[in-house]
Structures are given as structure tokens and as C-alpha cells.
Amino acid sequence: MYKKWMALAVAAIVPLSMLPGQAPAQTPTPTPTPIPVVASFSILGDLVTEVGGDRVAVSTLVGRDSDAHVFQPAPKDVKTVASARVLVINGLGFDGWMNRLASTGGAGAGRIVVEASQGLAGRPQAAEKAGHDHGGHSHGHGHKKGHDHGPVDPHAWQDPRNVVTYVRNIAAGLTRADPAGAAYYAQRATAYTARLTELDGWAAQRIAQVPPAKRKVITSHDAFGYFAARYGITMVAVAGVSTNADAGARDMADIIRLIRRENVKALFLENIANPRLIEQIASETGAQVGGSLYSDALSATGGPAPTYLAMMRHNVETLVAGMQRN
């Protein structure tokens, strides 16, 4: 009886992995140290986070509610870039300062640069002269200064179908930097692509509820060309493709005449643009400002557009409500 009792006592305190016939306990695979990734602006930062998940530590140079068109790098930004394993830029001439910043910060041993828009042809910038043909749906006005992006409109993320390309390029770049995470990145990219497809279908259906004759919008700067072309909206921008552009007196007069002739009531501010011109137009035409759109930057985390998906849904709902008043 004593021997039986001792056997039971020993069994109670000996780990199961040490008992005869039992496999040794498996040590949990440690979570890898996140690779440092720097994205040029907040929208890209969100996309990298969606694809990279726990395997990346993302820093963004141009933050939320901030304007990449007028960004001036600080010494701390040079250090941030220098420590990055992966740099993610938009390309299409949007963030050319990133290349200069990366060069200033040193080449970086093995650093990988991902151009998120690689593979996209890009759409030509809208003509600068006000009052031209509306067949292209999006119209830029004003004379661009300083941050001219060249012949291509860089705001490709305004069409969710283009963001599928962004996600594919980001996943490929992260895989190059971290081959062990290839399956992880592929799975997250696939899941997020499905959400982009869902978003695009929803946006198309939502905007289709607005009669085509009412789909006319005045915005601060010409950031919505891809959006307008995708969903069949005529957008007139007070300034050009860059926020660092001025609308001349003739441009303003042309826009005001257009608003009165077409009975446009959908005027919108942007979170990164100076509201002065839009407010002036509203004052002179009696049109109402229909809210703020998020074009080149996400909102604060507690705002209406803390992620790309939330930003697009906010913009669609805001635009639909404004266009219905036309």
C-alpha cells in the first residue's frame, strides 16, 4: 500500500513531459522582432500595418492630418529613415523628397525601398485652365508652384482598385526583407484585398444612387481624379494637384460662373488644405460647405478617417450627401 501511495505522489509532481512514453513539451515559437518600416505618409503607413501586422514596426514621416505637399524633413526624420529596414513610398512623383531624405540618411545596408504604385501607369494630370471640357470628370485650376508632381496625377490611392497593387507591392517588399514571414504577409494581403474589393463595390453602388446630373463637386485641390474617374463624378478643384498652388482671379471667376450655371451646391473642404478659397466661393455663390474630405492624409485616431477603409467610406458618404443637394 505504501509503495502504491508513493508512486501516485511522484506522478503528481513529475512533469508529464518526463513520464515514459510522453513527448517533450514544445517551446512556443518566439514572436520575431518586428522589422522597422518607414512609410512616407499616413495612408501608406496604414496599408503597411494592414499587410505587416505584428511582424512590422511602422513609422510615418508625414503624419495624420498633415500635408505631404509641403513637408519639410527635420533631423529626427533623417535618423528615422536611417534606422529603417524597409522604406515605402508612393511614387508617381508624390513623395520625391523621400529619395533625397534616404540619401541624406545614408544608403542603409540591405535597405529595401518599396514603391507602392509600381506597375500603375498613372492618369495624366488635369488641365490647368478653368472652364475646359468636363469629359475627363476631374478638373484642376490654378497655377502650380514648388511641388509640381509632373505629368502624372500621383493620388492613385483614391481608386481602391489601385490599392490592390499597393498591397501586392508592399507584401512583396516585406517578404524580401523578412522571407520567414512570406506566408503571413501573403495571407494578410489576400484578406485585405478582399476588403478593398468589397469597399469598391459598396462605393460604386452608393454613388450610383445619385443621379448622374447631380454628380458635381467642388474641392480644395485636385486630389480626387482617380476617384472621379472610377465612380463617374465631375470634380472641379480650386487649386491644382498640389496644395501648394494658387487659384488666380480668372480661375475663381470661372468656378463661380460654373457653380451658378450648373447649380452646384456640393462644396467640400479637405483636412490638409487651407479652407479660405472654398469659404470665399461659398460666400459669393450661396452654396454650402458640405463637410471635410480626407484626400492625402488620415484623420487622428479618434476622427472619422483613422484608416484607409474608414477614410474612403467617410468620403463616399460625405460626397453623396452633398451631391444630393445639387
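The values are calculated or read from the model by the stated rules, or taken from the named source; none is laboratory data. Note that the structure is a prediction, hence the values are computed from the model and not measured. Methodologically, a virtual Cβ is constructed for each residue, glycine included, from the backbone with ideal geometry; neighbour enumeration extends over all protein chains shown.
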### Message
Could you tell me how many of the residues in the stretch 63-106 are within 19 Å of Leu47 (Cβ to Cβ), touching a residue at least 60 places away in the same chain (Cβ under 8 Å) and part of a helix (DSSP H, G or I)?
### Response
1
### Test: residue in the stretch 215-226 that is of a type outside the set (Lys, Arg), at pLDDT below 75 and farther than 24 Å from Arg123 by Cβ
no
### Query
Do you know which residues across the stretch 196-217 are under 17 Å from Val236 (Cβ atoms) and either free of Cβ contacts under 8 Å to residues at least 24 places away in the same chain or out of contact with any Phe, Trp or Tyr (no Cβ under 9 Å at 6 or more places or on another chain) (or both)?
Val210, Pro212, Ala213, Lys214, Lys216
### Tabulated pairs, the stretch 107-122, first surrounded by 19 or more Cβ atoms within 10 Å (Cβ to Cβ) and of a type in the set (S, T, N, Q), second modelled with pLDDT of 90 or more and part of a loop (DSSP other than H, G, I, E, B), C-beta under 6 angstrom, 6+ apart or interchain
Ser117/Asn90; Ser117/Gly91; Ser117/Leu92
### Residue that is modelled with the lowest pLDDT, among those in the stretch 238-257 that are crowded, with 21+ Cβ neighbours inside 10 Å and more than 20 Å from the chain's Cα centre (by Cα)
Ala245
### Message
Please pick out the residue among Gln288, Gln280 that is within 18 Å of Lys216 (Cβ to Cβ), in the same structural domain as Arg215 (by TED's automatic domain parsing), surrounded by fewer than 20 Cβ atoms within 10 Å (Cβ to Cβ) and modelled with pLDDT of 70 or more.
### Response
Gln288
### Query
Thr165 versus (1) modelled with pLDDT of 80 or more; (2) crowded, with 21+ Cβ neighbours inside 10 Å; (3) not aromatic (Phe, Trp, Tyr): which is the lone unmet condition?
(2)
